[in-house]
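So the structure is just underneath, and the comments pick up after that.
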Amino acid sequence: MAHPDLRALVPAGAVQAFREGEEREALTLLRRARDAEAVGSVPWAVLERLAGLVLIHMLREVEGTFALERADAVLDEAGQPRPGLAWLEDEAAGPGER
């Protein structure tokens, strides 16, 4: 289960765009939100990891894998869970269940 405060970092527009198959739009919104956070912070890492997963979903595996490596190092150091694509695609889950 995702920490509710971390789940709130994900822009609603990115979730909607991903669900509608607009991966590029979702990626853009995730990157904009990530860029507003301090590099190396947990919020930055959450958004970086989700952007990496979207990149991999778009078959841009190398770029996505590097994003995951950067994000996972920060999340692991902070003892935070690693968010997955479910944060972008699970319509049925309520806040804190994704």
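The values are calculated or read from the model by the stated rules, or taken from the named source; none is laboratory data. What you see is a predicted model; the values in this text were computed from it and never measured. With ideal geometry, Cβ positions are generated from the backbone for all residues, glycine too; neighbour counts draw on all protein chains shown.
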Requested in this report: Taking Val46 as the residue in question, decide whether it is in contact with a Ser or Thr (Cβ under 9 Å, 6 or more places away or on another chain) and not aromatic (Phe, Trp, Tyr).
Outcome: no
Query raised in the report: Of the residues Val39, Val62, Val46, which is modelled with pLDDT of 95 or more, of a type in the set (A, V, I, L, M, F, W, C) and within 14 Å of Ala86 (Cα to Cα)?
Result: Val46
Query raised in the report: Can you pull out the residues in the range 56-93 that are of a type in the set (Asp, Glu) and part of a loop (DSSP other than H, G, I, E, B)?
Result: Asp90, Glu91
Query raised in the report: Can you name the helices (runs of 4 or more DSSP H) wholly within the range 1-55 that have at least 3 residues being under 13 Å from the mean Cα position of the chain (by Cα) and buried (at least 18 other Cβ atoms within 10 Å of the Cβ)?
Result: 12-19, 23-35
**Report entry** Test for Glu61: is it surrounded by fewer than 16 Cβ atoms within 10 Å (Cβ to Cβ), touching a helix residue (DSSP H, G or I) at 6+ places or on another chain (Cβ under 9 Å), free of Cβ contacts under 8 Å to residues at least 40 places away in the same chain and of a type outside the set (Phe, Trp, Tyr)
**Finding:** yes
